[in-house]
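Below is one structure, written out as structure tokens; comments come after it.
The values are calculated or read from the model by the stated rules, or taken from the named source; none is laboratory data. Keep in mind that what you see is a predicted model, and the values were worked out from it rather than measured. Cβ placement follows ideal geometry from the backbone for every residue including glycine, while neighbour counts extend to all protein chains displayed.
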Amino acid sequence: MARVELKGLRKEYDGAVAVEGLDLNVKDKEFVVLLGPSGCGKTTTLRCIAGLEDVDDGEIHIGDRLVNDMSPRDRNIAMVFQSYALYPHMSVYQNMAFPLENAKVVEREIVERVNRTARLLQIEGLLSRKPAQLSGGQRQRVALGRAIVREPTVFLMDEPLSNLDAQLRVHMRAELKRLQKDIGVTTIYVTHDQVEAMTMADRVALMSKGVLQQYDGPRTIYDRPSNEFVAGFIGSPPINLVPCDLQDGGTLDAGEFQIPVPNQFAGPLKRTACERVLLGIRPQDLTVSAGDSSGTEGEVLQRFPSSSVPAEIYTTEPLGDATILDLKVGAMLLKALVGATFEGDAGTQVVIRFPPERIHLFDRTSGRAIE
């Protein structure tokens, strides 16, 4: 198998930069997901690795080889496309055997490799069928099988599950992850779906406007986003981001409310001399307490811990196993995710708490995380 390394990769289209200075190191047998919104450069990056696009600058290494000037067929990669790209006039067997026949593999080995791969993908009963006779999930397995039989050093996958219905996507995510671990092939997978990225990847490379924003394990990207963009892109419902000013070095003033600066940020804020910040808190991390919130604001807060703020439920969004609350704090709306048994309707007065250990702070000018 092989590692993949990109050094300073740059690609332009008609003067517009699609990928800018991308450095990426994918370890042998690792499953890496290129994640980001449409137009961020992730598919362009994949096509450059495959050799389907010429790079304007930088180096692409697969294993120990510099492959910039190699044709796609000489890079020993296999690509799985969103559209499956199966030949409609060929049977499943013929579709899977075709790349081996092109490579002049002997007939006996072709039969052995196709049958072995079909058993691995549990499609051995479909080998005589044509693509039109298959479901979407079965076609996806055939497209994977055609890639696997080649025994490549690297898999490149471009949104291979986007044409499947929601339930089948969940099933195929698990199947793909298991399959990749079983065969141990280095895999680079492109998606705009953060759930796919977080559930499947060993590491996630999150891109925006052609620039790599963060490259880490899914848990690290969620818990320690490197900047405002990463924090806002990862997580559902999305993170609450509240502009605040630092007052007297010890208070975050959002206008509608004030809370103490968490202890872990006291040193970094002093060191960076940053006074205009974004306070980030995920809806899952906001604590919502229903109950008596009568009295003046000062009287209410005396009954609750520090970092607490009076609020009113604006709307509720039941999800079945949980409920999203839209909370009104003055003119500001915040989202909180609570259990399905939470009692409270629109207009209910509540108190919300910002657990200090779950707060994120970002520089409002640069967007970078303060840590």
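A few points about this structure:
- In a residue-by-residue description of segment 198-217, the property of being more than 14 Å from Leu34 (Cβ to Cβ) and under 12 Å from the mean Cα position of the chain (by Cα) applies to at least one position.
- The set of residues in segment 190-200 being among the polar types (S, T, N, Q), assigned to a helix (DSSP H, G or I) and touching a residue at least 60 places away in the same chain (Cβ under 8 Å) consists of Gln194 alone.
- Considering residues of segment 230-259 that are among the charged types (D, E, K, R) and either free of Cβ contacts under 8 Å to residues at least 12 places away in the same chain or in the same structural domain as Ala197 (by TED's automatic domain parsing) (or both) only, the residue farthest from Val309 (Cα to Cα): Asp248
- Filtered residue count, segment 123-174, keeping only those that are part of a loop (DSSP other than H, G, I, E, B), modelled with pLDDT under 90 and of a type in the set (Gly, Ala, Ser): 2
- Asp245 of a type in the set (Asp, Glu) and part of a strand (DSSP E or B): yes
- Tallying residues that are within 24 Å of Asp223 (Cα to Cα), not polar (S, T, N, Q) and not in a loop (DSSP other than H, G, I, E, B) within segment 254-295 yields 16.
- Val230 in contact with a strand residue (DSSP E or B) (Cβ under 9 Å, 6 or more places away or on another chain), modelled with pLDDT under 95 and outside any strand (DSSP E or B): no
- Residue within segment 201-217 that is assigned to a loop (DSSP other than H, G, I, E, B), out of contact with any Pro (no Cβ under 8 Å at 6 or more places or on another chain) and of a type in the set (Lys, Arg) present: yes
- Taking the listed residues Glu112, Glu101, Glu124, Glu107, the one that is under 22 Å from Pro72 (Cα atoms) and either of a type in the set (Asp, Glu) or exposed (fewer than 15 other Cβ atoms within 10 Å of the Cβ) (or both) is Glu101, with no other qualifying.
- Unmet criterion (only one of (1) over 19 Å from Asp158 (Cα atoms); (2) free of Cβ contacts under 8 Å to residues at least 24 places away in the same chain; (3) part of a strand (DSSP E or B)) for Met70: (3)
- The set of residues in segment 73-84 being surrounded by fewer than 14 Cβ atoms within 10 Å (Cβ to Cβ) and either free of Cβ contacts under 8 Å to residues at least 40 places away in the same chain or under 18 Å from Val114 (Cα atoms) (or both) consists of Arg73, Asp74.
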